[in-house]
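Novice: The following block contains the structure, expressed as structure tokens.
What follows is calculated from the coordinates using simple rules that are stated; it is not laboratory data. If you're wondering where the values come from, they're calculated on a predicted model, not measured in any experiment. Backbone-built Cβ (ideal geometry, glycine too); neighbour counts: all protein chains shown.
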Amino acid sequence: MSQKIFRTLIIAAVVFLFSASDSFAQKAHDQYGFGNRVFMIQSAFEVGKSAYGLWDIPGTPKKTNGNLKGSKWLQIQVYQREKGDPEDRVFRFRAAQGSAAGRYFIYIGRKGHWGVNAIEGTRKIEARSRADHFELKHMGNGRWKIYYKPGMIICLQKNSAKNGTKLILRPDCNRTDAYWVFFDTKTGKSFIPATRRSSTENKSSYKGTLEVAIAGKNPGTQYFQYADAAKFNSENADGKLQEYLNNKDTSGQWSALLNLVKAVKDNKDTEARRSMYKAISEAEIKAGSNFAENLLKGKFVEQINAVARSEKDSIAKGYITTIAGKIR
């Protein structure tokens, strides 16, 4: 091995040791501010028109847990609103943590542990004695999509909110039955998250260019922290970033990948993160070709996966996971 390559790998190893101290948030974070609110969930089909299309657990509620008893799992459906909004018609959102940080468990009722579950094999959405976590994405005007995993959302089985219509998993789409509205049971109003101002550091009119950012040996990370999606997509229309990465040797490419992934995670524009991570994942990532590179491979993958765990957007997270998986 040449001394130049050896020095490069040693430097990379030192960078790993120092960057290992970086802390990636794994704690539960209620990004939308649901708090302790209790909600009715209604199909956007019927909002403002009727009291139909509300999530409901089949059966007749009793005094306490109602139909949330026994071991028979129940496929959730929609039904018209019932007086008193019983336990099987209301839901709570609780922020997840660890590897699921940025997602929410959906619990049934004002108290208790029964929750909403997605069954991939059958595509059913069921009430069970536990809860799955989902990504809740506000689409504007109080309308939400509920993602079980990237590209799979909770929808109505039919493009209708008729009583008894069941909930199922479907590929992501923009049909009316793909959208839900969360009504606070105390106020009766649909829940719209407070608009958060972007950090003053996140310059929406960032003047740097992609061409300049990747002109040197090491990528200029500030561009990837501040450029918005429209700017990046325009400047990378011809695949400049992918070409830049493809032209590097293995150790240089891996180091650039890690620096870029860690820079992009600080970008406040979700669409920009998606576009940038997608472009990085499309690079022809080289395999380790010697003992030293293979020794360091695990460290690269470990740190890129740490960024994935801190990413709250499921689509961006999927691209980061793809990047890590291509280092071999």
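Novice: For F93, F191, what ranking results if the residue with the fewest other Cβ atoms within 10 Å of its Cβ goes first?
Specialist: F191, F93
Novice: Sequence-distant or interchain residues sharing an amide H contact under 5 Å with G53, placed H: which?
Specialist: For G53, the qualifying residues are Y79, Q80.
Novice: Among the lysines, which fall within straight-line cross-link reach of K72, defined as a Cα-Cα distance under 18 Å, with same-chain neighbours fewer than 8 residues apart omitted?
Specialist: K62, K124, K166
Novice: Under 5 Å between amide hydrogens, which residues at least 5 positions from Y206 or on another chain qualify, with H placed 1.01 Å from N in the peptide plane?
Specialist: The list, which skips near neighbours in sequence, is D228.
Novice: List the trypsin sites (Lys or Arg not before Pro) within the stretch 66-150 that fall in a DSSP loop (any state other than H, G, I, E or B) and whose Cβ has at most 12 other Cβ atoms within 10 Å.
Specialist: Details: sites: K69, K72, R81, K83, R89, R92, R94, R103, R110, K111, R123, K124, R128, R130, K137, R143, K145; in loops: K69, K72, R81, K83, R103, R110, K111, R123, R130.
Qualifying residues, ordered by number: K69, K72, K83, K111, R130.
Novice: Straight-line reach from K137: which lysines fall under 17 Å, measuring Cα to Cα and dropping same-chain residues less than 8 apart?
Specialist: Cα-Cα hits under 17 Å: K145, K149, K268, K312, K317.
Novice: Starting from the Cα gyration tensor of the stretch 39-184, take the square roots of the eigenvalues, sort them a ≥ b ≥ c, and report rounded, prolate or oblate (rounded when a/c is under 1.5, otherwise prolate if a/b is larger than b/c, else oblate).
Specialist: Since a/c stays below 1.5, the shape of the stretch 39-184 is classed as rounded.
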